[in-house]
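Engineer: The structure's right below; bear with me while I get my questions together.
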Amino acid sequence: EFGGAINVQSTPGKGASFTLYLPECSDPLDQPTAPQQAVPTGAGQSLIVVDDDPVLVNLSEEMLKGLDYHPVGFSDPAEALAYFQEHQAQIAAIITDEVMPRMTGTQFTEALRKVAPDLPVLLVSGFGGEQLTVRAAAAGVTRVLAKPLRRTELARALGVAVDDARLQAI
């Protein structure tokens, strides 16, 4: 509900490893919290998530499910493109990592733009900066988000991107 997750890896006879992912809290402890704005949610729209790290794919999928989207995750951008080509009528947006071994997120977006010029694409990267912003804009990325991905920021970016795409289709 708050954007955290637990990753469990177990090896018989050797034990288990539990990794907890908790959202950062920057609220001061001694001040009353202001009323929170509602976080926009989806309405069951299908999204594609692409990241070469399967753990981050799973975390993103769980976060998106909690926001009432239907995510489909991929660790391989080529597989994500193939899936998109078969199901493009159902896909409302794509969230992709930038730094991946076989194809960057901007390269993925360039390939996607050949078949879907108006589909919202959110690019996520831990390595931002002006060069990434310029490269992403040239590739047709809708918005660049910083890692670690925050639930509220993702929800708002998706809400705007999906609504804008829906309005353009009308």
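Engineer: Could you identify the single residue in 163, 118 that is exposed (fewer than 15 other Cβ atoms within 10 Å of the Cβ), under 17 Å from the mean Cα position of the chain (by Cα), modelled with pLDDT under 90 and not β-branched (Val, Ile, Thr)?
Structural biologist: Being exposed (fewer than 15 other Cβ atoms within 10 Å of the Cβ), under 17 Å from the mean Cα position of the chain (by Cα), modelled with pLDDT under 90 and not β-branched (Val, Ile, Thr) holds for just one of 163, 118, which is 163.
Here is a yes/no grid of residues against (1) within 21 Å of residue 122 (Cα to Cα); (2) out of contact with any helix residue (DSSP H, G or I) (no Cβ under 7 Å at 6 or more places or on another chain); (3) modelled with pLDDT under 90:
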position: 10; (1), (2), (3): no, yes, yes
position: 28; (1), (2), (3): no, yes, yes
position: 34; (1), (2), (3): no, yes, yes
position: 39; (1), (2), (3): yes, no, yes
position: 44; (1), (2), (3): yes, yes, yes
position: 51; (1), (2), (3): yes, no, no
position: 65; (1), (2), (3): yes, yes, no
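Engineer: Turning to a different aspect of this structure: Quick one: would you say residue 155 is over 15 Å from residue 97 (Cα atoms), open to solvent by less than 30 Å² (accessible area, probe 1.4 Å) and at pLDDT 85 or above?
Structural biologist: Here the answer is yes, as residue 155 does meet what is asked.
Engineer: Yes or no: the stretch 128-138 includes at least one residue that is in contact with a helix residue (DSSP H, G or I) (Cβ under 7 Å, 6 or more places away or on another chain), open to solvent by less than 20 Å² (accessible area, probe 1.4 Å) and modelled with pLDDT of 90 or more.
Structural biologist: No; the residues of the stretch 128-138 include none that is in contact with a helix residue (DSSP H, G or I) (Cβ under 7 Å, 6 or more places away or on another chain), open to solvent by less than 20 Å² (accessible area, probe 1.4 Å) and modelled with pLDDT of 90 or more.
Engineer: While we're looking at this one, here's another question. Among helices (runs of 4 or more DSSP H) lying entirely in the stretch 100-170, which contain 1 or more residues that are of a type outside the set (Asp, Glu) and within 20 Å of residue 43 (Cβ to Cβ)?
Structural biologist: Result: 151-169.
Engineer: Now, a different point. Would you mention how many residues in the stretch 78-99 are in contact (Cβ under 8 Å) with a residue 12 or more places away in the chain and more than 14 Å from the chain's Cα centre (by Cα)?
Structural biologist: 8
Engineer: Oh, and also: Any residue in the stretch 92-107 that is loosely packed, with under 12 Cβ neighbours inside 10 Å and at pLDDT below 90?
Structural biologist: yes
Engineer: Among the residues of the stretch 116-144, how many are free of Cβ contacts under 8 Å to residues at least 12 places away in the same chain and farther than 20 Å from residue 93 by Cβ?
Structural biologist: 4
Engineer: Out of the residues in the stretch 86-109 that are of a type in the set (D, E, K, R) and out of contact with any Ser or Thr (no Cβ under 9 Å at 6 or more places or on another chain), which is farthest from residue 161 (Cα to Cα)?
Structural biologist: Step by step, filter the stretch 86-109, then rank; the result is 102.
Engineer: List the number of the failed condition for residue 143; all other conditions in (1) open to solvent by less than 90 Å² (accessible area, probe 1.4 Å); (2) at pLDDT 85 or above hold.
Structural biologist: Among (1) open to solvent by less than 90 Å² (accessible area, probe 1.4 Å); (2) at pLDDT 85 or above, residue 143 violates only (1).
The values are calculated or read from the model by the stated rules, or taken from the named source; none is laboratory data. In this text the structure is predicted, and so the values were computed from the model without any measurement. Ideal geometry is used to build each Cβ from the backbone, glycine not excepted, and the neighbour counts take in all protein chains shown. Note: accessible area is taken over every heavy atom of the protein model, side chains too, but ligands, DNA and RNA are not part of it. Shrake-Rupley method; radii C 1.70, N 1.55, O 1.52, S 1.80 Å.
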